[in-house]
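See structure below.
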Amino acid sequence: MNPVWQAIAIFLIRHRIVILLILALLTSLMWWNRGTEISHKLNEVIPMADEEMQSYLRFKEEFGEDGNIMVVGVEGDFTRLDLFNGIYDLVEKLKTVKGVDDVLGLTHILNLELDQENESFSLSPLVKQKPTQQKELDSLMQIMQDLPFYSGLLTDDDGKTTLLAISITDSMLNSDQKTVVYDRITVHTDRFEKEFKVPLRYAGMPVIRVNVHKTISVELVLFLGIALAVLALTLLFFFRSLYTVIFPILVVLVVIIWTLGFLGLFGFKISLVTGVIPPLVTVISIPNCVYLITKYHIEYRLSRKKIKALSMVIEKIGVVTIMTNATTAVGLGVLAFTNVQPLKEFGIIAGLSVISAFFISLILIPVMFSFLPPPTNRQTRHLDRRTLSFGINLIDKLVRENRPAIYVVSILLAATSIYGMLKILPIAYVVDDIPKNSQLIKDMRYMEERYNGVLPFEIVIDTKRKNGVQRLSNLRKIDELQDSLDTYPELSRSVSATDFTKFLRQAFMGGDSAQYKLPTRGEFNIIRSYLVNTPITEERVAKNLTDSLFQKTRVTATVRDIGSMKMDILLDSLRTTVAKIFDSERYQVTITGTTPIFIRGNKYLINNLLTSLAIAFVVIAFIMGLLFRSFRMVVISLVPNILPLIMVAGLMGFFQIPLKPSTALIFGVAFGIAVDDSIHFLARYRLARKAGDDVRQAVSNSYRDTGISMIYTSIILFLGFITFTFSSFGGTQALGLLTSLTLGIAMFSNLILLPALLISFDRN
């Protein structure tokens, strides 16, 4: 035996009480430093050095947050006096909510009027007080219809809904206070909905963020509970002993505490990505315990000496467990070397958690069982299950006698899967992770149908000269751009400084809606002189539509959640349109906003995940090379684990499951875990070969010694990851389903294809 592992085994058993105390102390420190704060930031995916990210940050610095508008749609006849006045009161109440900057609604729109005496414009509320009669409201509604500036912004074309645009304070939006603000708002809106019996629709980025925040908080605890319950029942079914349930669960709980401790020590927050780690390490930690307990029962049957059996477990399983945990840690930890912050955090914490799981399980399982009585015949009876033994013997016979058929089937599956892979489309949506049947999705789709979109979309035009926005020639170009934007069904009606200039002309011409158009040069000069005398303009309008130097202006709109592929087509088309209107030497036009940045972030995620998978593949191959010192054995061990990845990718193509961050993540996770079975089988195979067994006999002995453990751990992993499908997030559901499927296929691949390859190609 390896003298190093023999010494480790003796040390662990002799100093078990001291080791337990040290582990308890370290675990207490981890609990004390645990990180439980939830992340509130969205756009951390793209590196800060990225050019488009820099443009977006400049936009926010100059114009403010674009994703802070919460939209509430009121579905009903808002021209009815009681409902109109109810909306008026609702807006007044919402304005008093702490964390709400402003509320724009049909009942509180501003109107521009000409002040001839002071040669200026006045900007004042159209509805100065609630109307008391229907006739008075009808008159107001007629005036509103004569204000094209608001057309398509606050009411839909059919007049069935009206919008309330609620601006959330930026500092609240980027903290856990956003849920408090949201709840304060919904207290008033819920009362309104009950009083007037009209449905309200909620949309916008704040609504999405609050939904995600609340779900993360609930699911972190819920998932752990479900995963622990499923794993405990599975262990009880396999081993029929409370000891073999309690101590693996104890290992898992300690590992979870360490995971939270790592989050706290590194100062990381729990995000949609890192929130998956605790249930993930819960599932991954159990196989270590299963291999150790199964090996302990096998060794005890051979020697009938408890301490010797536990020592043999550490000696024989130690190095193999190191390798299996190393490959899993590589599959997850390689993400730490990406330039995407959420993936970097996931890789660091997941990698460290897997390494911790190895040491904790290797310490706790042998030490805790050393205090217990020796296993009874009832507790080791699982080793004699006739069904498993019959199945393993059947597989052994199949591999020895039907290898050509195994290779043909494997090649056909690989070829078919590769064909399916070609059908995979890289599509991601802003609301990908939210359940399709949720009320939020229904509300967003309803609002998209009525207003063409609710997600932020911005175009920034830099005239490259001070006061360039005030030049009529530039306003005409912006107007031409907006006319082009109106032809895109994916975009809502846009608003810019040009629209405000048209509004000014309408007011200058006496309020006639037919005069809502750009002024002539002479009119423009007069309007500018009047505008200078209007002190409220800069505060109310210019701050929102231009920068302080009037050099840059924004064209703001909203867009449908059309997915990354269609969004790319839309952006390419818009860039072509922009190039035709604006000379690139005289103007700098940037398409930005939360939505385009989100789509770009998804590309970064997918590219980094695929790159990390390639790196993980190389590193794991290197680890296998160190273990077996044979290039042939490395190839033999990797082929059975690549096939499941290809097959799952093929199924994604055939069933039109898109490639997005959540589905791309499963390949690295599953590959790192699936290789574990290969290592266990090959380690036992190598021992048999060193003992003098020929290839066939070594394979048969490896089946008998590791087959049951491989089946147990594969089933446990399958059931553990299946619990992820209970998630409310589509991405987490996909991660659970596809990883379970991959590991299920990998079990059969390692039990059938791997031994077949050994018999055919291992001649040394």
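The values are calculated or read from the model by the stated rules, or taken from the named source; none is laboratory data. Given the structure is predicted, the values throughout are model-derived calculations rather than measurements. Positions of Cβ are backbone-derived with ideal geometry, glycine not excepted, and every protein chain shown enters the neighbour counts. What goes into the accessible areas is simple: the full protein's heavy atoms, side chains included, and nothing from ligands, DNA or RNA. Shrake-Rupley method; radii C 1.70, N 1.55, O 1.52, S 1.80 Å.
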Using the per-residue mean of other Cβ atoms lying within 10 Å as a proxy for protection, in what order, highest first, do the peptides 144-157, 24-37, 61-74 fall?
-> 61-74, 144-157, 24-37
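Using a 1.4 Å probe, what is the accessible area per residue for the stretch 126-269, in Å²? Mind dumping the intermediate values first?
Numbers: 6580 Å² over 144 residues.
On a per-residue basis, the stretch 126-269 sits at 46 Å².
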Mean Cβ count within 10 Å, highest first, over the residues of peptides 310-318, 656-664, 80-88 = 310-318, 656-664, 80-88
Helix 631-654 sits off the longest principal axis of the Cα atoms of the chain, rounded to the nearest 10 on a 0 to 90 degree scale, by 40 degrees
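Which shape class applies to the stretch 275-403: rounded if a/c is under 1.5, otherwise prolate when a/b exceeds b/c and oblate if not, where a ≥ b ≥ c are the square roots of the Cα gyration tensor eigenvalues?
Verdict is oblate for the stretch 275-403.
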Asserting the computed 222 nm helical MRE of the chain (DSSP H runs at least 4 long, -39500 (n - 2.57) per run, divided by residue count, to nearest 500) equals -22000 deg cm²/dmol
May I ask for the distance between the Cα centers of the stretch 309-328 and the stretch 635-679, given as a whole number of Å?
-> 25 Å
The alpha-carbon center of the stretch 436-495 and that of the stretch 204-245 are separated, in whole Å, by 42 Å
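Rounded to the nearest angstrom and ordered from largest down, what semi-axes does the equivalent ellipsoid of the chain get from its C-alpha gyration tensor (root of 5λ)?
Numbers: eigenvalues 820, 143, 95 Å².
Each semi-axis is the square root of five times an eigenvalue, giving 64, 27, 22 Å.
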Please work out the Cα center distance from the stretch 126-167 to the stretch 355-412, rounded to the nearest Å.
-> 72 Å
Longest principal axis of the chain (C-alpha) makes with the long axis of helix 661-690 (C-alpha) an angle, in degrees to the nearest 10, of 10 degrees
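Using a 1.4 Å probe over the heavy atoms of the protein chains, calculate the carbon and sulfur portion of the accessible area of the chain as a whole percent.
Numbers: 19510 of 32830 Å².
Ligands and nucleic acids excluded, carbon and sulfur reach 59 percent.
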What ranking, highest mean first, results for peptides 591-598, 567-574 when packing means the other Cβ atoms within 10 Å averaged over each residue?
-> 591-598, 567-574
Helix 205-239 axis, angle to the chain major axis (alpha carbon atoms, nearest 10°) | 10 degrees
